[in-house]
Amino acid sequence: MKKNDILQRFLFDGTDIRGEIVTLETSYQTIVGKHNYPPSVAELFGEFIAAASLLSATLKFPGIISIQARGDGPLSTVMAECAAGTQLRGIVRGDLPAAGNVSSLQDMLGSGTLAITIEPEDGERYQGIVPMESGSLSQCLEFYFQQSEQLPTKLRLSANPELAAGILVQQMPRTGDSAKNISDWETVSALLETIKPEEQLSLSHNDQLYLLFHEEEVRLFEPQYLQFFCSCSKQRTESALINLGITEMRNIIEEQGRVLITCQFCDEEYCFNKEHIESLFNSPEATLH
Ligand SMILES: [Zn+2]
């Protein structure tokens, strides 16, 4: 079952270029299936979830990385997140049928911004924001790496109803701009651009790398397995309710007899009755707010 939810690192021997390649099947289909996204919306989301997997592999520390696009088109939000390098979740919001009739990033999301948020397990949250002006998600992310990290990066993302796939190459921070470094990067990044979506969605990682880079010395590392996993919990929901305040909670109890929270990522329902809400606000955690 996990066969097609894999991420692999690769390195070019004798250069300072690294790569990541990912294919998602069960994890991608699980998320899309929960929300019944129209095919073109699902495919756009597939690019986001593949990108979140690739970007998570570029982190130097454990944490969560999310890619969130907000725009003024039929879709208002597309968000994908990868936690601990292996746990994927995401969501699309907006007028899904209207967005389902078009196919480009611009047509679905209109103009807006793309935010890349990194939350390290220990340390400060970081967010980089780039405009969604370029033609594709790949190009927006390449611009992000150029601007925020100053790391030359190329990536290609593809999705069909069954699979989401992505490949990334990145020039690691280097000690000097030698002519060899520059020419290595030019060769590898130009080769990466030749991959076609149908190749990404049909060939094994090994075959994709052979097709692209058979004249280079490429080393492919052991696979890492990814899966759909939602990090919501009763405890995190309680914290969110405490933040909303006792007045708001009492109003909801008054009107509806209970507080029902449905997780937007996994549809898990968390239900709280009057007694539970009152005891929440009498807990030590609540007095901190
Ligand atoms: Zn959830």
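The values are calculated or read from the model by the stated rules, or taken from the named source; none is laboratory data. Please read all numbers here as calculations on a predicted model, not as lab measurements. Reconstructed Cβ throughout: ideal geometry from the backbone, glycine too, with neighbour counts over all protein chains shown.
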Listed by first then second residue, the pairs whose first member lies in the range 35-47 and is closer than 21 Å to Val22 by Cβ, whose partner is in a helix (DSSP H, G or I) and among the β-branched types (Val, Ile, Thr), with beta carbons under 7 Å and at least 6 positions apart or on separate chains, are Ala42/Val32; Phe45/Val32
Output for Cβ contacts, cut-off 8 Å, separation at least six or different chains, first residue surrounded by 11 or more Cβ atoms within 10 Å (Cβ to Cβ) in the range 177-198, second part of a helix (DSSP H, G or I), reads Val188/Phe213; Leu191/Leu212; Leu191/Phe213; Leu192/Leu212; Ile195/Gln208; Ile195/Leu211; Ile195/Leu212
The lone condition Arg250 fails out of (1) within 16 Å of the ligand (Cβ to nearest atom); (2) in contact with a helix residue (DSSP H, G or I) (Cβ under 9 Å, 6 or more places away or on another chain) is (1)
Of those in the range 8-28 that are over 14 Å from Ser56 (Cβ atoms) and assigned to a helix (DSSP H, G or I), the residue farthest from the chain's Cα centre (by Cα) is Thr26
By residue number, the members of the range 120-158 that are of a type in the set (Val, Ile, Thr) and closer than 15 Å to Ala52 by Cβ are Thr153
Result of the Cβ filter at 7 Å on the range 225-238, keeping first residues that are within 23 Å of Phe48 (Cβ to Cβ) and partners that are of a type in the set (Lys, Arg), at least 6 apart or interchain, is Tyr225/Lys2; Phe228/Arg89; Phe229/Arg89; Cys230/Arg89
Scanning the range 58-93 for residues that are under 16 Å from Phe145 (Cα atoms) and at pLDDT below 95 gives Thr58, Leu59, Lys60
Taking the range 230-247 and the residues there that are surrounded by fewer than 16 Cβ atoms within 10 Å (Cβ to Cβ) and within 13 Å of the ligand (Cβ to nearest atom), the one that is nearest to Tyr270 (Cα to Cα) would be Lys234
The number of residues in the range 64-85 that are hydroxyl-bearing (Ser, Thr, Tyr) and either within 16 Å of the ligand (Cβ to nearest atom) or closer than 15 Å to Ser40 by Cβ (or both) is 1
Practice item. Check the range 206-228 and report whether any residue there is touching a strand residue (DSSP E or B) at 6+ places or on another chain (Cβ under 9 Å), among the polar types (S, T, N, Q), within 16 Å of the ligand (Cβ to nearest atom) and at pLDDT below 90. Key: no
When the range 149-175 is checked residue by residue, the ones that are under 23 Å from Phe45 (Cβ atoms) and exposed (fewer than 15 other Cβ atoms within 10 Å of the Cβ) are Pro161, Glu162
Ile277 - would you say it is within 16 Å of the ligand (Cβ to nearest atom) and either touching a helix residue (DSSP H, G or I) at 6+ places or on another chain (Cβ under 7 Å) or modelled with pLDDT of 95 or more (or both)? no
